[in-house]
Amino acid sequence: MSTAVVARLDSLGDVLISGPAVRAVAAAHDRVVFLAGPRGAVAAELLPGVDRVVRWRAGWVDFDAGPVTAAAVTELIGLLAAERPDALLILTSFHQSPLPLALIGRMAGVRWIGAICADYPGTLLDLRHPDPGDIPEPLRALSLARAAGWRLPPGDDGRLRVKGLPPLPGPLRAALGGGYVAFHPGAAVPARQPPAGKSAELVRALARTGHHVVVTGSAAERELTATVAGEMATDLGGRTTLAELGAVFAGARAVVAPNTGPAHLAAAVGAPIVSLFAPVVPAERWSPYGVPVVLCGDQSAPCRGSRARNCPVAGHPCLDGIAAGDVVAAVAEIGSPRNGRGAA
């Protein structure tokens with residue numbers, strides 16, 4: 001029985017956009033183990049083709065991690081060795097290095113390791129794939145799997161996917177009602193999140209044009225979702241698991257969200273998306289993939305390409321300058337009844 005480990009050690013959205021590459025790996029192996037960080041592990045559980053998820057916090061990737069210690073590295077060596085993998089595919093963003101994990105993989109006895117890598121890897125990599133440039137991140141990851149000789153199975157169109165979504169609890173179904181627009185105001189990176197007042201303005205504009213708006217967010221975002229929902233929208237903050245959030249998005253006429261993991265979840269269930277996109281990272285790489293998308297936000301703002309975690313420009317103009325009328329028009333352009341076609 002052949003086993004492959006696919007590693008993506010950062011956030012929820014980063015894991016979701018790895019889905020097509022994972023399915024290509026799964027088509028060529030009997031078993032796929034996904035090595036994820038604590039922020040992305042719950043998303044890995046939703047990916048078709050993943051048989052097991054292993055969690056480990058990488059100090060060279062996770063911005064909340066403490067110092068890398070010998071004990072932590074020894075733990076990961078043991079976790080990898082226990083899986084007895086035939087291959088380790090390391091997926092990274094364009095500014096991350098795969099080499100720390102490649103070294104640990106070698107110490108765990110992994111026979112074949114592949115990654116996209118700009119730096120000289122010595123004997124750490126068996127496949128050193130060149131960076132394919134400014135292409136969507138799902139295609140970037142898939143290009144690595146293809147370079148390893150692993151292809152998507154017949155009939156797989158390479159879009160983002162999640163496993164079958166759960167039925168929503170009765171009270172949640174009742175809160176959703178019929179046709180609705182889902183508005184997700186939060187983001188893990190502050191520079192990518194619109195000011196709460198701006199999100200509330202956009203929700204009011206959508207509601208005034210006749211849309212039933214539901215505002216989504218995690219339990220930690222309840223204060224934000226309550227502020228944004230106000231008196232004109234339904235507040236679902238903290239009321240859904242990640243899989244249930246996917247089901248909410250699957251039923252939406254459109255999803256309005258910044259560049260954050262839940263936007264990629266919306267893409268994975270086939271929802272059309274109005275993307276409130278801060279240009280701190282390039283939209284060419286990071287906008288939602290494989291679904292109808294309207295991009296809102298000043299893509300030429302001074303923060304462009306800075307990778308800033310906190311907005312470096314007073315007033316957050318790239319997102320605060322979004323006109324409510326533009327968002328209403330975007331929802332009218334791409335909104336449609338949903339059928340959940342992204343679930344596998």
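The values are calculated or read from the model by the stated rules, or taken from the named source; none is laboratory data. The model shown is predicted, which means the values in this text are computed figures rather than measured ones. Cβ coordinates were reconstructed from backbone atoms using ideal geometry, including for glycine residues, and neighbour counts include every protein chain displayed.
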* Has region 13-30 got at least one residue that is over 27 Å from Asp134 (Cα atoms) and without any contact (Cβ under 8 Å) to a residue 24 or more places away in the chain? -> no
* Asked: Do the conditions hold for Leu80, that is, is it in contact (Cβ under 8 Å) with a residue 60 or more places away in the chain, out of contact with any Pro (no Cβ under 6 Å at 6 or more places or on another chain) and assigned by the TED database to the domain that holds Gly114?
  -> yes
* Asked: Within the set of pairs 6+ apart or on separate chains, which have a first residue in region 48-75 that is within 30 Å of Leu160 (Cβ to Cβ) and modelled with pLDDT of 95 or more, a second that is in a strand (DSSP E or B) and not aliphatic (A, V, I, L, M), and C-beta atoms under 6 Å apart?
  -> Val50/Phe34; Asp51/Arg31; Val53/Phe34
* Asked: Could you count how many residues in region 198-238 are of a type in the set (Ser, Thr, Tyr), closer than 20 Å to Pro262 by Cα and more than 23 Å from the chain's Cα centre (by Cα)?
  -> 2
* Residue list for region 198-225, restricted to those being part of a helix (DSSP H, G or I) and under 21 Å from Ala266 (Cα atoms) -> Ser199, Ala200, Leu202, Val203, Leu206, Ala207, Ala219, Ala220, Glu221, Arg222, Leu224, Thr225
* **Qualifying positions in region 1-12 - in a loop (DSSP other than H, G, I, E, B) and in contact (Cβ under 8 Å) with a residue 40 or more places away in the chain** => Ser2, Leu9, Asp10, Ser11
* Flag if Val42 is under 21 Å from Ala102 (Cα atoms), under 18 Å from the mean Cα position of the chain (by Cα) and either modelled with pLDDT of 95 or more or assigned by the TED database to the domain that holds Leu80 (or both) -> no
* Determine, yes or no, whether Ala250 is under 13 Å from the mean Cα position of the chain (by Cα), hydrophobic (A, V, I, L, M, F, W, C) and more than 23 Å from Ala323 (Cα to Cα). => no
* To do: May I ask you to list the residues in region 152-172 that are under 16 Å from Val50 (Cα atoms) and loosely packed, with under 15 Cβ neighbours inside 10 Å?
  => Pro153, Gly164
* Restricting attention to region 96-142, report how many residues are free of Cβ contacts under 8 Å to residues at least 24 places away in the same chain and among the small types (Gly, Ala, Ser). => 4
* On the given criteria, is Val255 crowded, with 16+ Cβ neighbours inside 10 Å, touching a residue at least 24 places away in the same chain (Cβ under 8 Å) and either part of a loop (DSSP other than H, G, I, E, B) or acidic (Asp, Glu) (or both)? -> no
* To do: Could you list all residues from region 170-192 that are in contact with a helix residue (DSSP H, G or I) (Cβ under 8 Å, 6 or more places away or on another chain) and either part of a loop (DSSP other than H, G, I, E, B) or more than 24 Å from Asn259 (Cα to Cα) (or both)?
  => Leu172, His184, Pro185, Gly186, Ala188
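Does Arg151 qualify as being charged (D, E, K, R), touching a strand residue (DSSP E or B) at 6+ places or on another chain (Cβ under 9 Å) and at pLDDT 95 or above?
Spelling it out, it is not the case that Arg151 is charged (D, E, K, R), touching a strand residue (DSSP E or B) at 6+ places or on another chain (Cβ under 9 Å) and at pLDDT 95 or above.
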